[in-house]
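Colleague: Could you have a look at this structure, given as C-alpha cells, before my questions?
Computed from the coordinates by the stated procedures, all read-outs in this text should not be read as laboratory data. Quick caveat: nothing in here was measured; it's all calculated off a predicted structure. Here the Cβ is made from the backbone with ideal geometry for all residues, glycine too, and neighbour counts use every protein chain on show.
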Amino acid sequence: MLVAGKTIVVTGAGSGMGRELCLELARRKATVAGVDLREETLEETEKLVEALGGKFVSYPMDITDSKAVAALPSKVEKDLGPADALINNAGIIQKFVKVNDLDMENAMRVMSVNFDGPLMLIKAFLPGLIERPEAHLLNVSSMGAYAPVPGQSVYGASKAAIKLLTEGLRSELMGTSVGVTVVFPGAIATNIAENSGLDIPAGAAESSQTKTTAADVAAREMVDAIEKNKPRITIGSDAKFMDRFSRLNPVAAANLIYKQMANLLG
C-alpha cells in the first residue's frame, strides 16, 4: 500500500521513532493522525510536519484509556477521513531490575502500555480498516521479544506478546485488504528511558557494544515495509544478528547478552 494520500494513525508520535515516522509519512504525502500522552510534544511534531508541507492532527491521550481509544476512530474520521493504516509504535521499558525486584505496579504498567493499549487500538480501528480498499497494520515489537535481556524480562514479554498477536493477525487477515507487519528494532537512538519515567542505569552506554540505529533510518525502513507489504522486518545490525543467532542457538545467544548486560544489575 503506497502511503501517499492515505490517513495514517501513529502512536507515540511526540518523539523518537514516532516523530520520525510522522515526518517520513509527511514526506511521502500521507496525512497523519498523531497520538501521544504529551500534548506539548505532539505540538512540536505538528510544527515539524507542517514545515514539510504535510497535514497532521494531534490526539493527546493515554492509549491505556479504553474509552478514549474506543472514541478515537470516529474522531479521526471526522477530522481526516477514515483511517487507512494504524502504526502501534508507542511503548515503554521497565525499571532496569530483575523480576524478583520489580514491583507489580511497574510490571503491569509496562504490559498495559505495550500490549493492552495496542490491542485496544487494533480492536477499535480494525473494523474500519477491513472496509478500506487497501489498508495496513504495523506493530512495533522489539529485539527483546526473541533475545532475552536481563533486567528487561517483563518488557521483553510484552513485546513477545505483540509479536505473536501480530503474526496471528496476519494469518486471520489473509484474503482481506489489510496488510500486516511486525517490526523488531534493535538499539535505536531515542529517549525511551526518559519517556518511560526512568533513569538510565550508570554504565549502560558502556555496556552496549552495539552501534545504535538513528530513529529516522528506522522510520524509513518501517514505511518501506508498509509500502512493500513485508510481514516482518528487523532494524539495525544488532537486531539482524540476534534474530539469526537466537534461532540457531538460543542458549548461546542469551548467554552472550547476559555477559554484556548483567553488570547493570549489580
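Colleague: Place a +1 charge on the Cβ of each Lys and Arg in the chain and a -1 charge on the Cβ of each Asp and Glu, then give the dipole magnitude about the Cα centre in debye, rounded to the nearest 20.
Modeller: Roughly 820 debye for the chain.
Colleague: Once amide H atoms are built 1.01 Å from N in the peptide plane, which residues 5 or more positions from Ile92, or in another chain, come under 5 Å H to H?
Modeller: Asn114
Colleague: Once every DSSP H run of n ≥ 4 in the chain is given -39500 (n - 2.57) and the sum is divided by its residues, what mean residue ellipticity at 222 nm do you get, rounded to the nearest 500 deg cm²/dmol?
Modeller: -15000 deg cm²/dmol
Colleague: Any number yet on Rg/Rh for the stretch 7-265, C-alpha, Kirkwood?
Modeller: In the stretch 7-265, Rg relative to Rh is 0.96.
Colleague: Using amide H atoms built 1.01 Å from N in the peptide plane, name the residues 5+ places from Ile188, or on other chains, whose amide H lies under 5 Å from its own.
Modeller: When sequence neighbours closer than 5 places are left aside, the close amide H contacts are Thr213.
Colleague: What list of ³J(HN,Hα) values in whole Hz, one per residue of the stretch 143-148 in order, does the Karplus curve 6.51 cos²θ - 1.76 cosθ + 1.60 (θ = phi - 60°) give from phi, with Gly and Pro shown as x?
Modeller: Residue by residue, the stretch 143-148 yields 4, x, 6, 10, 10, x Hz.
Colleague: Same structure again: Relative to the Cα centre, what is the charge dipole magnitude of the stretch 68-191, using +1 at the beta carbon of each Lys and Arg, -1 at the beta carbon of each Asp and Glu, and rounding to the nearest 20 debye?
Modeller: Roughly 200 debye for the stretch 68-191.
Colleague: Can you return the lysines within cross-link range of Lys95? Criterion is Cα-Cα under 27 Å, with same-chain partners fewer than 8 residues away left out.
Modeller: Counting by Cα, and skipping residues close in sequence, Lys95 has these lysines nearby: Lys159, Lys163, Lys211, Lys240, Lys259.
Colleague: May I pose another question? Pull up all non-local amide H partners of Lys55: gap of 5 or more, or a different chain, and H-to-H distance under 5 Å with H placed in the peptide plane.
Modeller: Answer set, sorted by chain and number: Val32.
Colleague: List the DSSP H helices in the chain whose Cα atoms stretch 15 Å or more along the helix axis and whose mean Kyte-Doolittle hydropathy is at least -1.0.
Modeller: On the way: long enough: 16-27 (17 Å, 0.07); 39-51 (18 Å, -0.98); 66-80 (22 Å, -0.03); 117-131 (22 Å, 1.29); 153-172 (28 Å, 0.05); 215-228 (20 Å, -0.03); 237-248 (17 Å, -0.70); 250-261 (16 Å, 0.50).
Membrane-span-like by this rule: 16-27, 39-51, 66-80, 117-131, 153-172, 215-228, 237-248, 250-261.
Colleague: Sequence gap at least 6, Cα distance under 8 Å: using those rules, report the relative contact order of the chain to the nearest whole percent. Display every interim value, and only then the final one.
Modeller: Values: 527 pairs, mean separation 52.8, N = 266.
Across the chain, relative contact order equals 20 percent.
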